[in-house]
Amino acid sequence: MLELLHIENIAVIEEADIRFLPGFNALTGETGAGKSIVIDAMGAVLGGRTSRELIRTGADKAFVSAEFSAVPADLPGLSAAGVAPDEEGTLILQREISADGKNACRANGRPITVSQLRQIGADLLNIHGQHDGAALLDEEQHQTYLDRFGRTEEVLAAYRETYDALAELLGRIRALKMDEAEKARRMDSLRFQIGELERAELVPGEEEELLARRTLLRSGEKYIAALDGADYSLSGGEDSGGALSAIRDAEEAISGVRTLSDDLGELYKRLEALRCEAYDLAEIVRDKRAEFDFSPAELDAVEGRADQLYRLKKKYGATVEDMLDYLDKCRAELDAIETADDTLARLEKKLGKVRRAVEDAGAALTEARKVAALVLEQRIQAELRDLDMHKVRFAIDFAEKEPGPDGCDTIRFLMSANVGEDLRPIAKIASGGELARIMLALKNVLAEQEAVATLVFDEVDTGVSGRAAQKVAEKLAQVSRRKQVLCVTHLPQLAAMADTHFSVEKGERGGRTYTKVVRLDREQRKAELARITGGSHVTEALLESAGELLDQAEAYRETL
C-alpha cells in the first residue's frame with residue numbers, strides 16, 4: 001500500500017507530502033490545479049518516462065519519493081534488482097531527475113536503474129489513465145487483455161517455440177528455392193572468392209609477423225649500422241681493443257692486489273662480473289648481426305605480400321582470421337547450393353511435421369483462450385450490471401487466421417448497448433461513458449488476479465454522469481475494500497464516496513505559482529463537493545446537498 005508520496009520541484013508543485021490511507025482516496029481540484037501532476041509524479045517514481053520539462057522552472061532537479069508498506073519480500077521485481085523491504089515490510093522508492101537528463105534511482109537506499117525501478121513499480125501500483133478507454137478501441141489489444149486474464153503464458157510460450165521452429169524452417173526453404181540463373185551466378189561468385197582466398201594460402205597470425213618483418217627490413221641499413229657500432233664499441237677493431245679489452249685490463253690490474261683488503265677483493269669480483277656481462281652482450285650483438293640478412297629482394301617480397309593481404313581484407317574481412325572464417329562460410333554455402341535439391345526435399349518433408357506441431361500448439365492455445373473467454377465474459381457482464389449497464393451484452397469473438405507469433409486467433413471484444421441489437425465491435429457503437437465503464441470493469445477483473453496492492457484511477461470517469469456516476473463510485477468503493485484506491489475525479493459522487501478526500505489547490509506566492517495538496521475534514525469536503533456541483537457560486541442549498549451526498553456515501557460504505 002502507498003503510504004506517503006513526497007514531491008519536490010515537479011511542475012507547479014514546489015514541495016508536497018501526501019499521506020494516503022487504506023481504502024478509497026480521492027483527489028479533486030480545479031482544472032489545471034495540478035491533479036494530473038500528482039499522477040505524473042507517481043509515474044516518475046515508478047520508473048515511467050519523464051522529461052526535463054517536468055522540472056519546476058528555476059530548479060536544477062526534481063525529486064520524488066514513495067513509501068510503501070506491507071510489501072512482500074518475494075516480488076519478482078525486487079529479487080531481480082537485489083532489493084528487499086525492511087523487517088516491517090516497508091519499501092521506499094526514490095527518483096531524482098536532473099536538468100541534464102540524468103536520473104538517480106534508489107530502492108531502500110540501494111542504487112538501481114530506471115528499468116529496475118519500472119519493474120519494481122509494476123509490482124506495487126497500477127495507474128489507469130483517462131485515455132485507457134481508447135485502448136479498448138484497438139482490437140490488437142483485446143488478445144493481450146484476454147491472455148493476461150487467462151494467464152496463458154505457458155501455453156503461449158509452448159506455441160511460440162513451435163512457431164519459431166516453423167519460421168526458421170520456412171526461411172531455410174526460401175533461401176534454397178532460387179531460380180537456376182540466380183543459382184549459377186551465386187555459385188560462380190562463390191567459386192571465384194574461394195579460389196582467390198585459397199590461392200592466397202592464408203596463415204593465422206601471418207599478418208602480424210609480416211608487418212613486423214617489413215618494419216625491420218625498411219630500417220635494414222640503420223639496423224646493421226647500429227649493430228656494427230655496438231660490436232666495435234664492445235669488441236674493438238684493428239686500431240682499438242674496445243670496452244671488453246679495457247675492462248679485462250682493469251681486472252688484471254686489480255688482480256695483483258685483491259688480497260690486500262676486503263674492499264679490493266670486492267672490487268676485483270665486480271670487475272670480473274662486469275667483464276663476463278660485457279662478453280655476453282658482445283656475443284649477443286654479434287649473433288644479431290649474423291642473423292640479419294638484409295636483402296632488397298626480401299623487402300620487395302614482404303611489401304608485395306602485405307599489399308595482397310590489404311586488398312583481400314578490403315573484400316573479405318578485417319583480419320586474416322576473419323578472411324579464413326569467410327572462406328569457411330563460402331565453402332559451406334557452395335556445398336549447400338550444390339546439394340540444395342537433396343536438402344530441399346528433406347526440409348519439405350520435415351515441414352509437414354512442423355506445421356502439424358504448430359497447428360496442435362495453436363489449437364491448445366485457442367482452447368485455453370476460449371475457456372478464459374467464457375469466464376471473462378461472465379465476470380465483465382457481472383461488473384457491468386454493477387455499473388448500471390444491465391442491458392449491455394458483452395462477448396468475445398474468435399476468428400481463425402494464419403499462424404503468427406501470437407497464435408492462430410483474431411480476438412475482438414463485442415458489445416450490444418441496447419436490447420434487440422446485434423453484437424458489434426466496441427469501437428463502432430460504444431460511447432465515451434460506456435467505454436469508461438467497460439474499461440473500469442475490465443481493470444477490476446484483471447486487478448483481482450494481480451498482487452498489486454494499489455490502483456490509481458486518473459479521471460477514468462470521463463463521459464460518466466448521473467446514475468452511472470453513482471454506480472462507478474460504488475464500484476470503486478467495493479474495490480477499495482480489497483485494494484487501496486487512489487482516484488483523481490471531477491464527479492461529486494466519486495469524491496463523496498471516498499474514505500479520504502484530498503484537495504489539490506493552486507495559488508501564488510512571491511510572483512510564482514505553486515500547488516498544495518490538503519486533506520479535507522467533513523466541513524471542508526462539503527464545501528469542495530458544493531464547488532464541484534455548483535461551480536464558484538456555493539449556496540446553502542448546495543452545501544446541504546453535499547452533506548446529504550456524504551451521508552449517503554457513508555451509509556453505503558457501511559454496507560460493504
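The values are calculated or read from the model by the stated rules, or taken from the named source; none is laboratory data. Bear in mind that the values here come from a model prediction, so they are computed numbers and not experimental data. Cβ placement follows ideal geometry from the backbone for every residue including glycine, while neighbour counts extend to all protein chains displayed. Note: areas computed on protein heavy atoms with side chains; ligands, DNA, RNA excluded. Shrake-Rupley method; radii C 1.70, N 1.55, O 1.52, S 1.80 Å.
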Problem set entry | More than 26 Å apart - percent of Cα-Cα pairs taken over the stretch 1-160 | 37 percent
Exercise. Whole-Å semi-axes of the stretch 78-169's equivalent ellipsoid, largest first, each the root of 5 times a Cα gyration tensor eigenvalue?
Worked result: 33, 20, 16
Exercise. For Gln449 and Leu260 in one chain, what is 0.36 nm times their gap in residues minus the Cα-Cα distance, to one decimal in nm?
Worked result: 57.9 nm
Seminar exercise, completed: the stretch 366-388 scanned against label point 7 Å out from Arg148 along Cα→C-beta; backbone N under 16 Å for 373, 376-377, 380
Problem set entry | Dimensionless Rg ratio for the chain, taking C-alpha atoms and the 2.2 N^0.38 Å reference | 1.69
For this session: Specify the angular offset, from 0 to 90 degrees and rounded to the nearest 10, of the alpha carbon long axis of helix 153-176 from the longest principal axis of the alpha carbons in the chain.
Result: 50 degrees
Problem set entry | Net lengthening on full extension, Arg522/Lys183 (0.36 nm per residue, minus Cα-Cα) | 113.6 nm
Exercise. In degrees, nearest 10, range 0 to 90: what is the angle between the Cα axis of helix 206-218 and the longest Cα principal axis of the chain?
Worked result: 50 degrees
Exercise. Which value in nm describes the separation of the simple spin-label points at Arg214 and Gln308, placed 7 Å from the Cα toward the beta carbon?
Worked result: 1.3 nm
Exercise. What percent of all Cα-Cα pairs in the stretch 322-410 falls in each 10 Å bin, counting up from 0?
Worked result: 14, 22, 19, 17, 11, 9, 7, 1
For this session: Would you mind listing how long the stretch 424-533 runs along its three principal axes, going by Cα atoms, in whole Å with the largest first?
Result: 56, 32, 27
Seminar exercise, completed: Expressed as a percent, the accessible surface of the chain that is carbon or sulfur, using a 1.4 Å probe and the full set of protein chains, is 49 percent
For this session: Please report, to two decimal places, log10 I(q)/I(0) for the stretch 458-516 at q = 0.14, 0.25, 0.30 Å⁻¹ as given by the Debye formula with identical point scatterers on the Cα atoms and no solvent.
Result: -0.47, -1.00, -1.29
For this session: Grab every C-alpha pair in the stretch 256-352, bin the distances at 5 angstrom width from 0 up to the longest one, and report whole percents.
Result: 2, 10, 7, 7, 7, 7, 7, 7, 6, 5, 5, 5, 5, 5, 4, 3, 2, 2, 2, 1, 0
Seminar exercise, completed: For the stretch 459-529 the trypsin sites (Lys or Arg not before Pro) that pass both the DSSP coil test and the at-most-16 other-Cβ-within-10 Å test are Arg481, Arg482
Problem set entry | Taking the convex hull of Cα positions in the stretch 404-484, its mean projected area over all directions (nm²) | 7.5 nm²
Exercise. Using a Förster distance of 45 Å, how high is the FRET efficiency between Glu96 and Ala70, based on the Cβ-Cβ distance and rounded to 0.05?
Worked result: 0.95
Problem set entry | Accessible area per residue, Å², the chain with all protein chains present, probe 1.4 Å | 53 Å²
Exercise. What distance in nm separates the simple spin-label points at Arg289 and Glu554, each placed 7 Å from Cα in the Cβ direction?
Worked result: 11.3 nm
Problem set entry | Computed FRET value (nearest 0.05) for Glu540 with Glu508, which takes r as the C-beta separation and R₀ as 35 Å | 0.75
Exercise. In a solvent-free Debye calculation with one equal scatterer on each Cα, what is log10 I(q)/I(0) for the stretch 480-560 at q = 0.17, 0.19, 0.20, 0.26 Å⁻¹, listed in the order of the q values?
Worked result: -0.72, -0.86, -0.93, -1.30
Seminar exercise, completed: Relative to the compact-globule estimate 2.2 N^0.38 Å (N residues), the Cα gyration radius of the stretch 513-560 stands at a ratio of 1.31
Problem set entry | Spatial extent of the stretch 188-277: Rg and Dmax, with the Cα atoms as the point set, Å | 26.7, 90
Problem set entry | Qualifying lysines (Cα of each under 27 Å from Cα of Lys526; at least 8 residues distant if same chain) | Lys35, Lys471, Lys475, Lys483, Lys506, Lys516
For this session: Have a look at Leu387, Ser416, Leu351 and report the one farthest towards the positive end of the charge dipole of the stretch 343-438, computed about the Cα centre with Cβ charges (Lys/Arg +1, Asp/Glu -1).
Result: Leu351
Problem set entry | FRET efficiency, 1/(1 + (r/R0)^6) with R0 60 Å, evaluated for Glu277 and Lys329 via beta carbons | 0.65
Exercise. What distance in nm separates the simple spin-label points at Glu321 and Ala399, each placed 7 Å from Cα in the Cβ direction?
Worked result: 5.5 nm
